[in-house]
Each structure stands twice: as structure tokens, then as C-alpha cells.
Amino acid sequence: MEIHYHPSKANVVADALSRKSYANMALGFMMPHELYEEFERLSLGFLHHTTAAAFEAEPTLEQEIREHHKDDEKLHEIRELLKLVKAPHFREDEQGTLWYKNRICVPNVNSIRKLILSEAHDTTYSIHPSSTKMYYDLKEMFWWYGMKRAVAEYMAICDTCQHVKAEHQRPACLLLPLKVPEWKWEKITMDFIVGLPRTQKSYNSIWVVVDRLTKVAHFIPVNTTYFGVKLAELYISRIVCLHGVLKRIISDRGSQFTSHFWEQLHDSLDTKLRFSTAYHPQTDGQTERTNQILEDILRACAIYYQTSLKKVAVRSTVRQEVQNAVVFGPDIIQDAEQQLRIVHKNLRVAQSRQRSYANVRKRDLSFKMDDHVYLKVSPMRGIRRFNMKGKLAPRYIGPFKILKKKGEVAYLLKLPPSLLGVHDVFHVSQLKKCLRVPQEQAPLEGLDVQEDLTYIEHPVKILDTSERSIRNKMIKMCHVQWSHCIEAETTWE
């Protein structure tokens, strides 16, 4: 082989596809001085006595599938039918491998099928697709009996998918209304409306007490700083003095209602406290609806009058008390009993109608003792859960073991020590069954878990300060680094 020198303008880039194979072992002799200088300038040179090697990658999965074809009974039956021309769309290649159209038939070997499913679901290229997407991806290359079912089962036991995937099913648990009370002011519900403007008497919230039979409501102005002793005084003066001692009180798990003093007070009065399950306000839906109506009235008053709201709740309370302050007698008692019978009948008809409407859009769900379930948590903006922020937080945590069934639609869970501040009884709609308990779970130790299953971020360092002008106003900004955050997650506040 001779090497001829060409000027740089006349030289063109060598085409790799047109390069001759016999030149791979070529040697150069008597190289001109100009070419030698050019090679030296480009830091190029020749290697003597070298050998060239070619590497070709062959898929091992296909070889494994071909090796196990002879041992599969189902595929052997298809071969027999193929000889009788009774297996349409099947064919056999030169190596004795069965194909269904352009898809290779996979034998019934757990290791091979598990490898295929894992590659299509768990790798960084696939990133946990849905069962439909995963099935159509595998359908282009592989075939075996029950492949769609195998994909669905693999998805159901994937721990990552159970933590992050949203459920697209009807809400769990059929509607279970509370029993209608026998007499008025025997069973009540109560709740607080907070976040209201402060009045001249330092009221900033409203205590809502509703009778479950007559739907009569008392709106008591209070302050969020009231403890159990002060609330007990208001309860005695505003409720017990007018309606007597109650039999049952339904409320949420607010700190005012779960205090030791509040429980001791009602134990002495022989009143049973019934708290709603954790994160399920539908238990006390009557009071929530009353709160909504009252809040709408307050908004309308704030827009129309544009004054303080301090008189609205007080006037409503007085009006309700005056309406109930009647003189009892034989005729009035008989009339009240007749009205109560009508109320009972109407409430039962309304509950039956509501149950029939609601259960159409719901599904029945139940668990057994010692089952493992995932617990639903709602991602919140600006709050970290399990080292993830906002919408990137997992939708479910767990799994946790069911210790006992509480009532008809609630379950007692075995929570880890880091979640001791969270109430351990949950409504069935907040749970999802775990089909396979993973050996390794997300560590909960070292996480500052609040009672509402959230993690609060705290500023740990101010990196920089600046000022921003908005119209005629200057706003000071701070570059803040938050706890459990990296430098890329710092924010300006």
C-alpha cells in the first residue's frame, strides 16, 4: 500500500462504510517528511504488529427461550396441532422455535417470565407503566397463555406502584347512615368553625352544636385558646341548662374533645363520646353541612354590611334558644310526639333514598384480621413526606397490619413507633389491601411525623438577602435553606 500526500483543502473525511477490509492490517513505509510533520502536529502515529477484533452482542434471553421450548407441555400440544394444520397463526422456524405471528412463544418457566416482566416494568427505561401500557409493550414481542393476567398480577404486587399510583375505581365502603335518635336532644354533633376575624370580645371561632333529630343548631362564639374547662362551662350553661344531659355526642378528634378533662366530665354525666375515625369527616357530615351554610351566611354578611361579624352567631343562638323555650303540658307533649313520629318517618325515608343513590357509585370493601393494608395520605403543598415534597410525596404509606375491626367500616392498625401521635383507627375508604408484604419498607425512623401524617419544614439558614420593588413598595426577600433539603431546593421567601 502506498501513501500519497494531499493538501488539507483537497483531503476529505474518510467514509467508514466505504473503507476496505484488507486495509485494517496495513503498514506504511517511506512516509514523506511533510506527512510526518502533519501526523506529529495532529498527535497521530502507527501501531505495528496489532490485531483487530470484532465483537457482536447476541441476546441471551432468546437463547434461553429456545432452550426451554422442548420441555413445555403447552408448546408441545401446539406443535401437534400445527402438524394437523389446526393451529392458525402459529409457525415453527428452522431451530424448532414456535412463533405466534411475529411474536416468540415463551415457555412456562418462572425465571424467564419474571425476567421479561421485570424488564418491562421495573427498569429505568420503563419506569412502572400501567398494566395496559405494559401489556401492549410486551404484546409486540412475546406471547404465552394468560400473559395479560400475568401482567395484572405483577402490577398488583409491585410495592412502588401501590405507593404512588392513584386508584381509578369507585369509592370504597357503602353508605352506612347513623341510626335515627328516639327523642330530641338525646344525640348531638358538634364542631368548630375557625379562622374567623377577631371581634371586640376576642372571639375568633364558632362552636356549632346540632341536634341530630330536630336539626336545631346552637352557634356559640368562642376563642381558639379556650381549654376544656372553659368549654365545659359553656356546654353546661348553653346546652345542658336548656336541653338536659345528653346521651351521646359525636365529634371529630380535635384536641378540645379528646382532652382528659372533657372525657372525665362526660363520664360523670354518663354521656358517651363518639369520635369520628381519622381523616374521615363524613362521619359528622351533618355538622359539616351546617358549618357550610353558616359560613355562606357570614360571607354574605361580610360583603353586604362590610362590618364585623361578631353579632351574627350570637343572634342566631338567641333565636334558637327562644324558639325552644316553650311551656310543656299534656297537649304540647302529645303534639310533640306526633311531630316526632312524622320526623322519624321522614328521616328514614330520606336515609333510604340517600343510601340507594350513594351506593350506586360505591363498592363494598372489607378486610380480615392480620391482613396488611396501605394507608392513604394526601400530599399537601409545601409539606414534606418521606423526604419528598408536595406532589411528589407518596399517595400511600405502609403496609400496616390489621389488628382488629372497629364497628362496621373501621379498622385498628398496628402503626410503627414513629406514628404514635396518629390515631390508629381508620375508615375503610382510607385503606388499600396489600397483596404481598415487602421485606423492605420505607424507614419511618428519624422523620418528624405530625398527627395529620405530615412533615413540617423549618428554615435552617439564610443564604442571601435582597430587596424587590413592587410599584411604590419595597419588599425584603431572603434566600432560605430548609431542613432536609439540598441546595437546589432553596427558595426565596
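Read-outs: derived from the displayed coordinates by stated rules, not from any lab. This structure is a prediction, so every number in the text was calculated from the model and none was measured. Don't worry about glycine lacking a Cβ; one is built from the backbone with ideal geometry, like all the others, and counts go over all protein chains shown.
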Q | 4 °C / 1.567 mPa s Stokes-Einstein diffusion coefficient of the range 87-226, Kirkwood radius on C-alpha pairs, µm²/s | A | 61
Q: Report, please, the projected area of the range 183-270 averaged over directions, based on the convex hull of its C-alpha atoms, in nm².
A: 5.7
**Q.** Virtual spin-label span in nm between Ala152 and Glu80, 7 Å along Cα→Cβ
**A.** 3.0
Q | q = 0.21, 0.24 Å⁻¹: log10 I(q)/I(0) that the Debye formula gives for the range 54-166, counting C-alpha atoms only | A | -1.16, -1.37
Q) So, counting K/R as plus one and D/E as minus one, what does the shell of residues with Cβ under 11 Å around Leu415 add up to? A) +1
Q | Formal net charge of residues neighbouring Ala172 (Cβ-Cβ distance under 11 Å; K, R +1; D, E -1) | A | +4
Q. By the scheme Lys and Arg +1, Asp and Glu -1, what is the net charge of all other residues having a beta-carbon under 12 Å from that of His69?
A. -4
Q. In terms of Cα to Cα distance under 29 Å, which lysines are near enough to Lys215, apart from those fewer than 8 places away along the same chain?
A. Lys179, Lys184, Lys187, Lys201, Lys230, Lys247, Lys272, Lys310, Lys311, Lys345, Lys362, Lys406
